[in-house]
Amino acid sequence: MRYPFAEAELRWQKYWDDKKVHKTDLSDLEKAIYCLVMFIYPSGAKLHCGHWYNYGPTDSWARFKKLQGYNVFEPMGYDAFGLPAENYAIQTGIHPKDSTLTNIDDIRVQLKRMGCMYDWDAELMTCAPEYYKWNQWLFLQLYKKGLAYRKNAPVNWCPSCNTVLANEQVQSDGTCERCGTPVIQKALTQWFFKITEYADELLEGLKKIDWPDKTKHMQENWIGRSYGAEAKFKLADHDDVIDIYTTRPDTLFGATYMVLSPEHPLVEKITTDENKHAVEEYQKSVQSLSEIDRTSTAKEKTGIFTGAYAINPVNDEKIPIWIADYVLMTYGTGAIMAVPGQDERDWEFAEKFDLPIIQTVQPPDGFEGKAYLGDGPAINSSFLDGLDVTDAKAKIINWLEDKGIGESKVNYRLRDWLISRQRYWGTPIPIVYCESCGEVPVPEDQLPVELPYDVDFKPDGGSPLASNKEFVNTSCPTCGEPAKRDVDTMDTFVDSSWYYLRYLDPGYSEGAFNKSLGESWTPVNMYVGGAEHATMHLLYARFVHKFIRDLGLVSSDEPFQKLIHQGTITNNGVKMSKSKGNVVNPDDFIKDYGSDVFRMYLMFMGPYELGGDWSDKGIVGVDRFVQRVYSLVEKHEGLSKNVKAKTQYDIQLLNGYEQNLYRKVNQTLSKYEVEIEHFRFNTAVAALMELMNELTKDIDNSSDELKLYALERLITMLAPLAPHLGEEAWQILGYKETLFENPVWFSVDEKAMVEDTVTIVVQVMGKVRAKLELPKDSDENIVKVAAFENENVKLHTEGKQVIKEIYVQNKIYNIVAK
RNA sequence: GCCCAGAUGGUGAAAUUGGUAAACACGCUAGCUUCAGGAGCUAGUGCCGGCAACGGCUUGGGGGUUCGAGUCCCCCUCUGGGCACCA
C-alpha cells in the first residue's frame, strides 16, 4: 500500500498539538539546547520555498538533538511591525493591525503543516503591547545611560517610503532596500542608539563566537576599526585650530594642503570674502547629492579653495585649506591633512588642482604607481628620515604628544544606530516634549505608550501618529503641563534585537524577560537565518545583548553562540519574491507528496548553506525512498511485539547477510550523526538511501532480531528528517510510545564499523592498474607480492626498472617504474 | 577598484581533507511486470575506441610542487555575495 501521508501527517500534527508534545520544560537545564530560527514576517503571501528551506532543516537538527535526549527549545513567532503592512494599508485601506493579525492566523496554520516541533506556548508577536512595551522600556534604559540621544543630522530619506533609513538599509547603488527608490539626504532631528559605544567589544567578541567567517568579516569591515592619530593644525590668520585624523601620521611632512568636509563648522568662519560665493555654491551642490553619490569612487574629485591657510606643525609651512566632498563629516574629525605622495585620493585631487606633491616614503625601485602606499624608509621628513613606517608613526606621535598638539587615536567606521521612523506601524518612542521641561522620558510605570488604532497613514512625509490629536497631546510627566508626544516609531530592528529573550516567557509581566531563564538559556546554541542580516539584525542584537548584560540581567556576552545561514532558493537564478511574481508555492507539492517528502527533498537538493535554483526534478526520488521505507516497515508490522533486538551483536556469530547488514547499519548511524550535527543534510539523506538499498538486499536473509535492530535504527534516523513518517513507522513496528515523547537514540557499535578486508589500489606511475582485496592491515611484503603477481601490473612494469615503491597502509601501492 | 566564496557527467550533487573522481538521486536506455496511471522491479549509463578483456582522456583554462592533485602553490577566465573616497 502507498503511504497515506496526507491522513498520517494531519493526524500526527493534531496529536502533537493536542498533547503539547513539543512544549519545553525550561526549568530542566540538563542537556538544554536553544535552537532558534529567525522569526517570520507575517505578510499576506503564503509561506514559500525559502521559508521551508530555513525552517524544515533547522527543525530536523532540533529533532535530532531531541531524540538524542537533549531538552530542546525551538520557538516561533512573528516580526509583526514594519513597512509592508503599512504600505498595504495605504493601498487597500485595510488597517495594518487587522491585516497583520489575519496574516498571523493564516501563517500559523501553514507553519503547523510543516510539522516542526515549535513550542506554541512560547509564540510571540512584536506588535502586541505586551511585547513592544519592553521595546520602550529598553529605550528608556538606554536613555538613562546616555545611549539613546537625539540629534539633528542629515539622514537617508526614502521619498517613496517617506521615512528615514539606516545606513544598513540603503543599497550600494544608493536606493532603498525595500522599494528601490533613490535615497536622498535630509536633515532631521532623530533618535539614535549609541552602538558605537560598543564598537570595540562588538569587534573583539567576534573571536569568541562560532559564526560563518564571511559574516564575521562583514561585521569586522562594517565596524571598521583603524589606528591612527589626531593632530591640531593652527590657522595662519585665525586663532582657531583644525583637528584632523590620519592613519598615516608618519607622512606629516608630506602634508601639502588640507581638506575640510563641506559641512565642517569652521568653513564659514575661515572662508575669505573673495571665495565666499564659490564656497557657498559648492556647499549647495554637495547638499543635493546623496551620500552614496558623494562617496562613489568612480566620480571625479571636486572641491574648492577657501582662501584660508593653515600651518603644518612639523615645518611651519603655510598650506592651503580646501573643501571637498570626498571628506566626510561623519568620520574622524571631518578634516584631513592631504598627503598626495602617500594617498591615492589626495594624489588625484592634487593633480587636478595643481597642488604640490612631496614624497615622504621611498618607494621601491621600479615603482610605477602614483601615490605609494607601502612600507619603506621615510624621506624628506627631517628627524623621521630613514625610519620605516611603523617606527616613524611611533616617533611622530611621541613628538605630537610632547608638543601637546596630537595623540594616537582609534577610529571606527561604525556609526550610531538611527532608530526613528516616520511611520505608523511600529513601537511609539516613549518621550514627550514639554514647553518648560523639554524632552521628558515617559516613566516606566506608564508604559506601554500604546499605539493608537485611529490614525491617518497616508504618506505625506510626516509621521502618521501626528494625525491623532488624542495621542499627540498629553501632559508632562514631570510638571503636568500640556505636552506633546514624540510621533515617530522605532526601527523594527529594535524588536528583533531581544526577541530570543522574550520567547523564554512571552507572557512575563515583571520585566522584558524572565531573568533567571535569560540567564540559563543564553546564549542561543543554534541560530539559523538568512545571510542578508549580517550587518543589521545580527549586529544590533549583539549590541542590545551586551547592553542588557551591562544592566545585569544576563551574564552571557553574546546572544547567538553558533550561527548558520541557509542558502537562497532561486527561481531561474532570480531570488524569489512576491513583487517579482516568481514565488514557488509549496502547497502543490505538499498536496502531492506531503510535508515530510518536501522537507526531505529540500535537504537532499544540495549543501544547506548553498541554496540553489529551484527545480522539482528529483522530488520523486525522495518520494520513492519514502514509499520503499514505508512498505518495508509495513512488511514487518508489529515486529517489536514478538522479538527484542540486542543493543550489540558479535559480528562473528552472524551470517554473511547479517554481517553486511549489521555493519552497514552502524556505518550509517555513525555517518548520519556527524552529517546532521553539521547541517549536512544532503549527505545524511544519501546515507539513509544507501542503507535502504542494503536493507533491500540483506534483510530477508536476516533473523527477526536483526531485522528489528536494523529497522529501529532506520526509523530513528529517519524521524528527524521526516517526523510524521518517523512516528508512524515506529507505531507500525509495534511501539505504543511515540518517538518524540519518549526519545530514542541508539549508540554506534564501533567494532562493527571495521571491515576485515580492504581494497588496495595498485598504481603504476600514478595510474590505477589493479585493485586487490586483502585482509586489513596486511604486511607490506604481502601487498607487494600480490601486486606484482597481478597480470595487468606485470604488463605495465614489464621491461621497466622499478625505481621506487610507495605503500600507504590499507589504501594504495604505487610503483614508480621507468 | 578592493575583499570573500565558488566553477566536478545530460541534471542536482558526493569525495574520509593529498591516496580508486562521479557516492546518493534525477534523467536516459534495455528487459520484466501490472486491468498504460505521473506505478513497480532488474540491468546498464562520465567521454572516446573496442564484442570484450582493456586502453586513452576527464573535476573552468594555463603553468608548478608531488610517487600521487578536484583537493596545495602561481597566473588567467567566468559566476555569486559583500564593501565602496572612512583619510
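None of the figures in this text is laboratory data; all of them are computed from the coordinates on show. Worth saying up front: this structure is predicted, and the values here are computed from it rather than measured. All Cβ positions, even for glycine, are placed from backbone atoms using ideal geometry, and neighbour counts span all protein chains on display.
Let me know the Kirkwood hydrodynamic radius for region A:117-265, please, with Cα pairs as the basis and the value in Å to one decimal.
20.1
Specify which residue in the list A:A308, A:Y257, A:M717 is farthest towards the positive end of the charge dipole of chain A, using unit charges on the beta carbon of Lys, Arg (+1) and Asp, Glu (-1), about the Cα centre.
A:M717
In the structure displayed, which of A:K20/A:K644; A:K23/A:K562; A:K664/A:K751; A:K20/A:K65 lie more than 20 Å apart, Cα to Cα? Let's see the in-between values first.
Working: A:K20/A:K644 30 Å; A:K23/A:K562 23 Å; A:K664/A:K751 12 Å; A:K20/A:K65 18 Å.
In this structure, A:K20/A:K644; A:K23/A:K562 lie more than 20 Å apart at Cα.
Using only Cα atoms, figure out Rg for region A:98-172 and give it as a multiple of 2.2 N^0.38 Å.
1.60
Counting just the Cα atoms, what span does chain A cover along each of its three principal axes? Round to the nearest Å and put the largest first.
Here the spans come out as 102, 85, 46 Å, largest first.
At what distance in angstrom do the alpha carbon centres of region A:508-534 and region A:460-491 lie from each other?
32
Short version: ³J(HN,Hα) in whole Hz for each residue of region A:657-663, in order, from phi by Karplus 6.51 cos²θ - 1.76 cosθ + 1.60 (θ = phi - 60°), x for Gly and Pro, what are they?
Rounded to whole hertz, the list is 4, 5, 4, 4, 4, 4, 5.
Over all pairs of distinct alpha carbons, what does the Kirkwood formula give as the hydrodynamic radius of region A:692-762, in Å?
Every distinct Cα pair counted, the radius reaches 14.0 Å.
For A:E780 and A:T272 in one chain, what is 0.36 nm times their gap in residues minus the Cα-Cα distance, to one decimal in nm?
That works out to 173.8 nm of additional length.
Place a point 7 Å from Cα of A:E130 in the direction of its Cβ. Which residues in region A:418-459 have their backbone N less than 18 Å from it?
A:447-451
Between A:D385 and A:E519, with labels modelled 7 Å along Cα→Cβ, what's the label distance in nm to one decimal, could you check?
6.7
Please give the FRET efficiency for A:D613 paired with A:E407, using the beta carbon to beta carbon distance and R0 = 60 Å, rounded to the nearest 0.05.
Using R0 = 60 Å, I get an efficiency of 0.65.
Relative to the present Cα-Cα distance, how much length would full extension add between A:K818 and A:D25 at 0.36 nm per residue of separation?
Details: separation 793, 0.36 × 793 = 285.48 nm, distance 7.11 nm.
Taking 0.36 nm per residue and subtracting the Cα distance, the gain is 278.4 nm.
Work out how far the C-alpha atoms of region A:315-417 reach from end to end along every principal axis, then list the three figures in whole Å, largest first.
Principal-axis extents of the Cα atoms in region A:315-417, largest first: 46, 36, 29 Å.
If you filter region A:558-645 for trypsin sites (Lys or Arg not before Pro), then keep DSSP loop positions with at most 15 other Cβ within 10 Å, what is left?
Answer in residue order: A:K578, A:K580, A:K617, A:K644.
Among A:P42, A:Y3, A:L101, whose Cα sits farthest toward the positive end of the charge dipole of region A:1-133 (+1 at Cβ of Lys/Arg, -1 at Cβ of Asp/Glu, about the Cα centre)?
A:Y3
For A:S509 and A:D243, what does the FRET efficiency come to when R0 = 56 Å and r is the distance between their Cβ atoms, rounded to the nearest 0.05?
Efficiency computed from Cβ-Cβ geometry: 0.65.
Can you tell me how much longer the chain between A:D354 and A:Y433 gets when fully stretched, taken as 0.36 nm per residue apart minus their C-alpha distance, in nm with one decimal? Let's see the in-between values first.
On the way: separation 79, 0.36 × 79 = 28.44 nm, distance 5.24 nm.
Gain on extension, A:D354 to A:Y433, equals 23.2 nm.
Would you compute the Debye intensity of region A:461-619 from its alpha-carbon atoms alone, equal scatterers and no solvent, and pass along log10 I(q)/I(0) at q = 0.09, 0.12, 0.13, 0.19 Å⁻¹ to two decimals?
-0.54, -0.84, -0.91, -1.14
Suppose R0 equals 56 Å; then what is the FRET efficiency for A:S226 and A:M765 from their Cβ-Cβ distance, rounded to the nearest 0.05?
0.55
How are the Cα pair distances of region A:1-140 distributed, in percent, across 10 Å bins from 0?
Percent of Cα pairs in each bin: 10, 34, 34, 17, 4, 0, 0.
Could you work out how far the C-alpha centroid of region A:273-288 sits from that of region A:595-673, in angstrom?
For region A:273-288 versus region A:595-673, the Cα centre distance is 74 Å.
For region A:68-193, compute Rg over Rh where Rg is the Cα radius of gyration and Rh is the Kirkwood radius from the inverse mean 1/r over Cα pairs.
1.05
Specify the inter-centroid distance of region A:39-83 and region A:760-781, based on alpha-carbon positions, in whole Å.
Distance between centres, Cα-based: 50 Å.
Expressed in whole Å with the largest first, what are the equivalent ellipsoid semi-axes of region A:56-110 derived from the C-alpha gyration tensor as the square root of 5 times each eigenvalue? Display every interim value, and only then the final one.
Values: eigenvalues 246, 18, 15 Å².
Over the Cα atoms of region A:56-110, the ellipsoid semi-axes are 35, 9, 9 Å.
Suppose we flag GluC sites (Glu not before Pro) only when DSSP calls them loop and at most 13 other Cβ atoms lie within 10 Å. Which is the longest uninterrupted stretch of chain A?
Working: sites that count: A:E30, A:E300, A:E368, A:E435, A:E450, A:E510, A:E637, A:E737, A:E741, A:E755, A:E798.
Formally, the longest exposed-site-free interval is A:31-299.
What Rg and what Dmax come out for region A:726-818 when only alpha-carbon atoms are used, in angstroms?
Considering region A:726-818 through its Cα atoms, Rg and Dmax are 23.0, 71 Å.
Just list whichever of A:K641/A:K776; A:K186/A:K269; A:K31/A:K736 have alpha carbons separated by over 30 Å in the model shown.
On the way: A:K641/A:K776 39 Å; A:K186/A:K269 24 Å; A:K31/A:K736 26 Å.
Check vs 30 Å cut-off fails for A:K641/A:K776.
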